[in-house]
Amino acid sequence: MQAGRLDFAPEKVSYILPGSDLKSIGTYTVSSGTVTIHSASGMTHTFTIKEDGKILQWNGVELRRTDFPWP
């Protein structure tokens, strides 16, 4: 099972959602504790920002930045 991955660039994001093997691309916005991804296929995914940006949470799954290893 894929753990999930988000690769942010200045105006776009490429990602694999947790549990999926499908790589997608899209744009994103950040506001008030959330990151919202708008995929090229028209889907929207909202992540909650936790621990000062070290973790993004989506549907109960936490994705940690690679420069902040798990404790």
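The values are calculated or read from the model by the stated rules, or taken from the named source; none is laboratory data. All figures in this text were calculated on a predicted structure; none of them were measured in a lab. Reconstructed Cβ throughout: ideal geometry from the backbone, glycine too, with neighbour counts over all protein chains shown. All accessible areas refer to the heavy atoms of the entire protein, side chains included, with ligands and DNA or RNA removed. Shrake-Rupley method; radii C 1.70, N 1.55, O 1.52, S 1.80 Å.
Residue 65: among the charged types (D, E, K, R), touching a helix residue (DSSP H, G or I) at 6+ places or on another chain (Cβ under 8 Å) and on the phi < 0 side of the Ramachandran plot, yes or no?
Details: among the charged types (D, E, K, R): yes; touching a helix residue (DSSP H, G or I) at 6+ places or on another chain (Cβ under 8 Å): yes; on the phi < 0 side of the Ramachandran plot: yes.
So residue 65 passes the test.
Where in the chain are there strands (runs of 3 or more DSSP E), lying fully within it, with 2 or more residues that are over 9 Å from the mean Cα position of the chain (by Cα)? Working first, answer last.
Numbers: elements: 5-8, 13-16, 23-31, 34-39, 44-50, 55-58, 61-64.
In the chain, 23-31, 34-39, 44-50, 61-64 are the strands (runs of 3 or more DSSP E) which contain 2 or more residues that are over 9 Å from the mean Cα position of the chain (by Cα).
Residue-wise test of (1) exposed (fewer than 13 other Cβ atoms within 10 Å of the Cβ); (2) not polar (S, T, N, Q).
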{"residue": "3", "(1), (2)": "yes, yes"}
{"residue": "13", "(1), (2)": "no, yes"}
{"residue": "41", "(1), (2)": "yes, no"}
{"residue": "47", "(1), (2)": "no, yes"}
{"residue": "53", "(1), (2)": "yes, yes"}
{"residue": "58", "(1), (2)": "no, yes"}
{"residue": "68", "(1), (2)": "yes, yes"}
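Kindly list the number of the only condition in (1) in contact with a Phe, Trp or Tyr (Cβ under 8 Å, 6 or more places away or on another chain); (2) among the hydroxyl-bearing types (Ser, Thr, Tyr); (3) free of Cβ contacts under 8 Å to residues at least 12 places away in the same chain that fails for residue 48.
(3)
Given the structure, is residue 24 open to solvent by 70 Å² or more (accessible area, probe 1.4 Å) and of a type in the set (Ser, Thr, Tyr)? It would help to see each step written out before you state the result.
On the way: open to solvent by 70 Å² or more (accessible area, probe 1.4 Å): no; of a type in the set (Ser, Thr, Tyr): yes.
When the stated conditions are applied, residue 24 does not pass them.
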